[in-house]
Amino acid sequence: IRSPLSALSSIVNQIQNVPENQRLILRSSINRISDIANTLLTRAKEQKTQDAAATSSASSEPIKLSVELLPALIDSLVSEKRVQFRDKIGVDIEADLVNSYGAFANINSTELQRLLSNTINNAIEASPESKGKIVVAVRKLEDGSVLLKVTDNGKGIPNHILDKLGQMGVTHGKDGTQSGYGLGVYHAKKTIESFGGKFEIQTQEGAGTTILMTLPPAPTP
């Protein structure tokens, strides 16, 4: 994976007739794929070491965290998702960065972008007839904590499904498919909790779903 990514990165830097905003999205996408590939490689090596030592109960090292400015991260991700789903003309993806000034959080940016990307994908897949609006908002709260909110106006989630979401193997989405909220929710909940945060789902059938992720205060670099 990393080999063709290096070639793509080299080509992107030499492209002259592509608008700068599109080149920025290309670079951001290449960097994210590279980060994910490196993470997979590291985890594979850790697993191989554990298997060789026959320590099935051993756990991998916790992911590394760093203080990041969330508005910039969210803005870049939303731009990327707009390009990814540009063929879905009925879907509007927006970033709401009002009251996000100084919204720093101690996170792993690769993991956070991955879970947010999955959450947006789920919201789009669960939207009826590929029409709807998804808003990713960042808010710095009075106590210094940061609220990440992903809102859609799709068909919502039934209560009997909502009670089980966040558990491995439980999914809810488009009829007859495995798309929609499910494994992504499980991963998102575990990831946010690993950052010391809280994960919550608010939903109403026929009115949409809101994912709330609250991250603890972090010192400004």
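Do we find a residue being modelled with pLDDT of 90 or more, aliphatic (A, V, I, L, M) and more than 25 Å from residue 205 (Cα to Cα) anywhere in segment 146-157? Yes, segment 146-157 has at least one match. Scanning segment 3-54 for residues that are in contact (Cβ under 8 Å) with a residue 40 or more places away in the chain and of a type in the set (Ser, Thr, Tyr), we see that the one that is surrounded by the most Cβ atoms within 10 Å (Cβ to Cβ) is 29. One residue stands out in segment 1-29 among those that are β-branched (Val, Ile, Thr) and not in a helix (DSSP H, G or I): the one that is nearest to residue 117 (Cα to Cα), namely 1. Mind checking which residues of segment 140-154 are among the small types (Gly, Ala, Ser) and either in contact (Cβ under 8 Å) with a residue 60 or more places away in the chain or open to solvent by 70 Å² or more (accessible area, probe 1.4 Å) (or both)? If the condition is that a residue be among the small types (Gly, Ala, Ser) and either in contact (Cβ under 8 Å) with a residue 60 or more places away in the chain or open to solvent by 70 Å² or more (accessible area, probe 1.4 Å) (or both), then 144, 145 are the ones that fit.
Quick check: anything in segment 58-81 among the polar types (S, T, N, Q), touching an Asp or Glu at 6+ places or on another chain (Cβ under 6 Å) and modelled with pLDDT of 80 or more? No; the residues of segment 58-81 include none that is among the polar types (S, T, N, Q), touching an Asp or Glu at 6+ places or on another chain (Cβ under 6 Å) and modelled with pLDDT of 80 or more. Residues in segment 85-135 that are crowded, with 17+ Cβ neighbours inside 10 Å, over 17 Å from the mean Cα position of the chain (by Cα) and not in a loop (DSSP other than H, G, I, E, B): 91, 132. I'm checking my understanding of the structure. Among residues of segment 178-221 that are open to solvent by 60 Å² or more (accessible area, probe 1.4 Å) and in a loop (DSSP other than H, G, I, E, B), which one is modelled with the highest pLDDT? Result: 217.
The values are calculated or read from the model by the stated rules, or taken from the named source; none is laboratory data. As the structure is a prediction and not an experimental result, all values here were calculated from the model. Please note: Cβ atoms are built from the backbone with ideal geometry, for glycine as well, and neighbour counts cover all protein chains shown. We work out accessible area using only protein heavy atoms, side chains counted, and drop any ligands, DNA or RNA first. Shrake-Rupley method; radii C 1.70, N 1.55, O 1.52, S 1.80 Å.
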